[in-house]
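Engineer: Okay, handing you the structure first.
Each value in this text was obtained by applying a stated rule to the coordinates, not by laboratory testing. These numbers were taken from a predicted model, which means no experiment stands behind them. With ideal geometry, Cβ positions are generated from the backbone for all residues, glycine too; neighbour counts draw on all protein chains shown.
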Amino acid sequence: MKAFGKIISHKTEGKKILFQFENGCGRLEVLTDKIINVFSGFDCDYHRSRAIEGDKAVPTEISVSTEGESVVVKTASLTAKVFDNFYVDFYDEKNQVLCRDYRGERCIRGKITEEMRVLAASEGHSLDEGAKEKKIQVVKQMEGDECFYGLGDKTGFLNKRGYEYEMWNTDEPAPQVDSFKSLYKSIPFFVTLRKNVVYGLFFDNSYRSVFDMGKESDDYFWFGCEEGNLDYYFIAGEDMPQVLGGYTYLTGTVPLPQMWTLGYQQSRWGYVTEEDIMEVAENMRRNQIPCDVIHLDIDYMERYKVFTWNKERYQDQKKTIRDLKEDGFKIVTIIDPGVKVEEGYDIYDTGVKEGYFATTPEGEIYVNAVWPGDAVYPDFGKEEVRKWWGDNQKFLLEQGVSGVWNDMNEPASFRGELPADVVFTDEDEISNHARMHNLYGHNMAKATYEGLKKHDGKRPFVITRACFAGTQKYSTAWTGDNHSIWAHLQMAIPQLCNLGMSGMSFVGTDVGGFGSDTTKELLIRWVQTGCFSPLFRNHSAIGTRRQEPWTFDKETMDIYRKYVKLRYRLIPYYYDLFFEGETSGLPIMRPLVLHYEKDENVKNNNNEFLVGENLLVAPVTEQGVTCRTVYLPAGEWYDYWTGEKIEGESYILAKAPLDTCLMYVKAGSIIPNFPEQEFVGEKEIDTLILDVYAGQGSYEHYQDNGTDFAYRQGEYNQYHIEQKENVLKISLAHKGYEKIYKKVLVKFAGKQWEADFADGMEMILK
Ligand code: GLC
């Protein structure tokens with residue numbers, strides 16, 4: 001990066017502190033007392049953010065002074081000191097160092113010679129020279145004990161320390177291993193944790209960028225990019241949840257979903273006909289495996305043309321979908337962005353006529369290939385195109401479809417990557433692929449969300465593969481094409497936890513694995529992990545070994561059923577977490593470090609996770625293993641299956657035979673349960689079932705109609721539940737939904753009590 005040189009002058013305009021350096025300008029902007037933006041316009045003088053919508057600045061007291069060589073900007077909780085060369089250091093209110101710019105040179109690795117390259121290439125290796133100096137580059141000093149979390153869906157373990165990543169949405173079906181630098185999602189945000197220090201950094205730049213978390217050197221970590229602006233947010237907080245709250249304050253939280261979307265979902269690329277779908281539905285019900293959703297992959301379309309239905313494979317899809325709905329099944333269909341080039345096909349014709357597709361710099365419509373063969377790319381950065389795409393969802397809704405799965409939106413292209421200069425639009429500006437690539441899936445999901453919201457009125461259920469920061473406002477996501485290998489089951493835990501640490505909390509992996517062939521044992525262990533991921537879908541690739549729950553033996557099916565049923569029992573707990581998450585931004589599936597950041601034992605815990613704050617899950621993710629160590633953090637915990645009480649801050653050795661996924665509940669927890677159901681909404685639920693674990697604690701339980709946006713007008717109930725010294729108190733903290741529970745059933749220490757519900761009731765648990 002060019003050196004900014006000495007500070008010539010600075011002035012304060014409202015919450016902005018503008019700097020004139022010898023070689024350019026920069027500014028700091030205080031958004032809240034914990035969030036400061038650092039900006040220099042390399043490309044334009046304003047934030048070109050698609051992640052942050054609206055003005056996030058709130059009235060904040062600030063003071064600006066000079067101290068020696070630096071200009072000091074202070075809020076109640078954060079101090080930023082700006083020096084020559086636009087070095088910015090951050091301190092907390094006690095003047096403790098949070099994060100400083102690194103003053104030295106980067107130590108870029110020695111050059112790779114042509115000879116080395118040729119030699120390595122003889123065996124198929126490609127050598128990586130490492131990232132060069134970037135035009136825009138932020139290098140932060142490593143204070144020593146940093147751990148890094150977040151960065152979206154990157155491969156490998158939880159803590160990203162020591163690795164280098166790239167933000168470039170990438171469709172890569174080969175088994176995704178630790179050395180991969182990028183996958184489908186680009187979320188340029190991470191949380192840094194040190195002893196007594198935590199903060200977040202969000203680099204709001206959509207171009208291809210590099211994040212080096214200490215690979216190049218142990219003295220610093222850095223991120224940078226060749227284009228766009230220097231535009232990053234420093235996010236302070238007292239603890240990790242607050243930092244994450246700061247990030248989701250900027251980029252948005254996950255809206256409360258429809259309740260059925262939390263049910264089990266069955267999918268496979270290769271359910272070709274109406275009969276295939278009916279067979280899946282029948283098997284689910286016959287084998288009493290609860291299920292809410294069946295996905296239709298590309299096979300349902302006519303020659304992979306989006307917004308069409310294959311008439312040979314379906315005699316009457318509307319009737320099929322209606323019949324399935326009566327049996328409690330919802331249909332979700334895949335929609336890819338690539339539109340088949342075919343005159344006479346209305347989506348293609350309209351797009352051509354209205355200029356809705358990306359073009360070459362010469363103005364020709366840009367053509368590449370995806371499933372339908374030659375295909376063109378809708379220009380989702382343009383509001384008009386998003387509206388058109390959104391309106392096309394009507395076709396799916398009219399068939400009876402309940403949710404839309406957006407795939408291939410990196411965007412994928414079978415004839416090589418789109419050139420950087422393909423012309424796309426970025427709202428009101430002419431733009432290009434280099435800038436819009438990482439935003440493509442985001443804008444497509446936004447178009448889908450807005451279309452569904454407008455034409456359906458229900459809370460839209462969108463699933464996307466590609467994302468950018470902020471996509472959580474519009475869509476859930478799955479982690480794309482994993483494989484049926486144990487390494488990918490292991491990776492599922494840190495990957496989903498890091499997505500949660502990046503604001504994307506409604507996420508899941510393809511349970512059983514997508515590519516390659518699963519085994520009985522792998523499928524069992526995967527469902528034991530997957531039943532806890534917010535998005536719970538079994539999906540597999542065409543031609544691989546079938547992996548529906550009934551395709552192995554009775555033992556597999558019995559265990560599979562046990563865990564799907566467990567998930568259905570916990571749906572109200574998940575729903576409460578989603579309701580809370582819409583405000584707090586906290587994920588559902590959480591790494592232990594999120595709540596126990598002072599505990600050294602959990603900073604690198606890759607094989608356990610929390611659901612909410614109180615349920616700890618320790619699945620087996622290795623072949624043949626039936627016993628494992630579990631770390632329980634501070635507090636008292638109960639074994640979910642045996643009720644045994646265990647003192648925390650300890651490692652235990654626990655038996656986990658094939659039918660057991662180890663689970664522990666924190667003392668004092670109150671967990672709402674649903675009765676057994678084949679699908680969400682099968683039964684009218686008028687009893688509040690509470691699973692209570694001895695100790696002291698309180699819980700907020702939420703209840704609404706589970707489908708639309710009436711809750712935002714106050715149409716919901718909230719129950720405040722408290723337990724202390726064997727007394728359980730329940731009161732209605734908010735009353736706005738007509739269906740108040742009639743009864744309460746409490747399960748406690750192996751006994752149970754039932755009573756009529758009354759606001760302000762007390763139950764003695766003895
Ligand atoms: C992509 C998706 C996968 C889907 C397939 C066919 O590989 O990631 O989930 O089944 O395309 O549509």
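Engineer: Which percent of the Cα-Cα distances in the chain go past 51 Å?
Structural biologist: On the way: 38713 of 292995 pairs.
Cα-Cα pairs in the chain separated by more than 51 Å: 13 percent.
Engineer: Hey, another quick one. Can you pull a Stokes-Einstein diffusion coefficient for segment 1-95 at 4 °C (1.567 mPa s), Rh from Kirkwood over Cα pairs, as a whole number of µm²/s? Walk me through the intermediate numbers first.
Structural biologist: Numbers: Rh = 13.8 Å.
Once the numbers are plugged in, D ends up at 94 µm²/s.
Engineer: Checking the cross-link filter: which aspartates and glutamates have an alpha carbon closer than 12 Å to that of LYS562, excluding same-chain neighbours under 8 positions apart?
Structural biologist: Candidates past the 8-residue exclusion: ASP659, GLU676.
Engineer: Need the C-alpha centroid separation for segment 41-111 versus segment 302-375, integer Å.
Structural biologist: With segment 41-111 and segment 302-375 each reduced to a Cα centre, they are spaced 47 Å.
Engineer: Which value in deg cm²/dmol, rounded to the nearest 500, describes the helix-derived mean residue ellipticity at 222 nm for the chain, given -39,500 (n - 2.57) per DSSP H run of n ≥ 4 and division by the residue count?
Structural biologist: Mean residue ellipticity, 222 nm, calculated: -6000 deg cm²/dmol.
Engineer: A follow-up question, please. Given labels modelled 7 Å from the Cα in the Cβ direction, how far is it in nm from VAL352 to LYS454?
Structural biologist: With each label placed 7 Å out from Cα toward Cβ, I get 2.5 nm.
Engineer: Follow-up question, since we're still on this one. Mind listing the phi-derived Karplus ³J(HN,Hα) values for segment 254-270, rounded to whole Hz, using 6.51, -1.76 and 1.60 with θ = phi - 60°, and x for any glycine or proline?
Structural biologist: Ordered by residue, 3J(HN,Hα) equals 7, x, 3, x, 5, 5, 5, 5, 8, x, 6, 10, 10, 8, 6, 6, x Hz.
Engineer: Between GLU427 and ASN23, what is the label-point separation in nm under the 7 Å Cα-to-beta-carbon projection?
Structural biologist: Distance between the two pseudo-spin positions: 3.1 nm.
Engineer: Going by a ≥ b ≥ c, the root eigenvalues of the Cα gyration tensor, does segment 105-183 fall in the rounded group (a/c under 1.5), the prolate group (a/b larger than b/c) or the oblate group? Write out the running numbers ahead of the final one.
Structural biologist: Working: a/c = 2.02, a/b = 1.21, b/c = 1.67.
Cα axes put segment 105-183 in the oblate bin.
Engineer: If R0 is 22 Å, what FRET efficiency do you get for TRP753 and GLU684 from their C-beta distance, rounded to 0.05?
Structural biologist: Values: r = 22 Å, r/R0 = 1.00.
Between TRP753 and GLU684 the formula returns 0.50.
Engineer: To the nearest 0.05, how large is the calculated FRET efficiency for LYS520 and LYS111 if R₀ is 41 Å and r is the Cβ-Cβ distance? Walk me through the numbers before you get to the answer.
Structural biologist: Values: r = 51 Å, r/R0 = 1.23.
Efficiency, rounded to the nearest 0.05: 0.20.
Engineer: Quick one: Cα centre-to-centre distance for segment 737-762 and segment 670-710, in angstrom?
Structural biologist: 11 Å
Engineer: Then there's this: Any idea how far apart ARG103 and ASP219 come out in nm if each label point goes 7 Å out from Cα toward Cβ?
Structural biologist: My value for the distance between the label points is 1.2 nm.
Engineer: Quote to one decimal, in nm, the extra length available between SER63 and VAL177 on full extension: 0.36 nm per residue of separation minus the C-alpha distance between them. Provide the component values of the computation, followed by the final result.
Structural biologist: Working: separation 114, 0.36 × 114 = 41.04 nm, distance 4.79 nm.
Length difference between fully extended and current span is 36.3 nm.
Engineer: Straight-line reach from LYS311: which lysines fall under 18 Å, measuring Cα to Cα and dropping same-chain residues less than 8 apart?
Structural biologist: Result set, ordered by chain and number: LYS319, LYS340.
Engineer: Just need log10 I(q)/I(0) for segment 340-454 at q = 0.15, 0.19, 0.20, 0.22 Å⁻¹, Debye formula, equal scatterers on the alpha-carbon atoms, no solvent, rounded to two decimals.
Structural biologist: -0.63, -1.04, -1.16, -1.40
Engineer: Separate question: Using the number of other C-beta atoms within 10 angstrom as an exposure proxy, rank ILE571, ILE365 with the fewest first.
Structural biologist: Working: ILE571 21, ILE365 16.
Neighbour counts put them in this order, fewest first: ILE365, ILE571.
Engineer: Using the 2.2 N^0.38 Å rule of thumb for compact globular proteins, work out how segment 684-764 stacks up: its C-alpha Rg over that value, please.
Structural biologist: Working: Rg = 13.1 Å, N = 81, 2.2 N^0.38 = 11.7 Å.
The reported ratio for this selection is 1.12.
Engineer: While we're here: Rounded, prolate or oblate: which fits segment 263-353 when a ≥ b ≥ c are the square roots of the eigenvalues of the alpha-carbon gyration tensor, with rounded for a/c under 1.5 and prolate only if a/b beats b/c?
Structural biologist: On the way: a/c = 2.70, a/b = 2.34, b/c = 1.15.
Note, shape of segment 263-353 comes out prolate.
Engineer: OK, next. Please list, in chain and number order, the residues 5+ apart from ASN310 or on another chain whose amide H is under 5 Å from its amide H, with Hs placed from the backbone.
Structural biologist: It is MET301, GLU302, by chain and number.
Engineer: Find the lysine pairs in segment 1-95 meeting two conditions, Cα atoms under 24 Å apart and a separation of 8 or more places or different chains, and report how many there are.
Structural biologist: Counting lysine pairs in segment 1-95 gives 29.
Engineer: On to the next question. Taking a ≥ b ≥ c as the square roots of the Cα gyration tensor eigenvalues, with a/c under 1.5 meaning rounded and otherwise prolate when a/b beats b/c, else oblate, which class fits segment 611-686?
Structural biologist: Details: a/c = 2.82, a/b = 1.44, b/c = 1.95.
Oblate, since a/c reaches 1.5 and b/c is not below a/b.
Engineer: Moving to a separate point now. Using 0.36 nm per residue, how much length does the chain from THR12 to THR629 gain when fully extended, once their Cα-Cα distance is taken away?
Structural biologist: Values: separation 617, 0.36 × 617 = 222.12 nm, distance 5.59 nm.
Residue separation times 0.36 nm, minus the Cα-Cα distance, leaves 216.5 nm.
Engineer: Right, next: Sequence neighbours fewer than 8 away in the same chain don't count; with that in mind, list the lysines whose C-alpha is under 23 Å from LYS565.
Structural biologist: LYS325, LYS330, LYS520, LYS554, LYS655, LYS666, LYS683, LYS743, LYS747, LYS751
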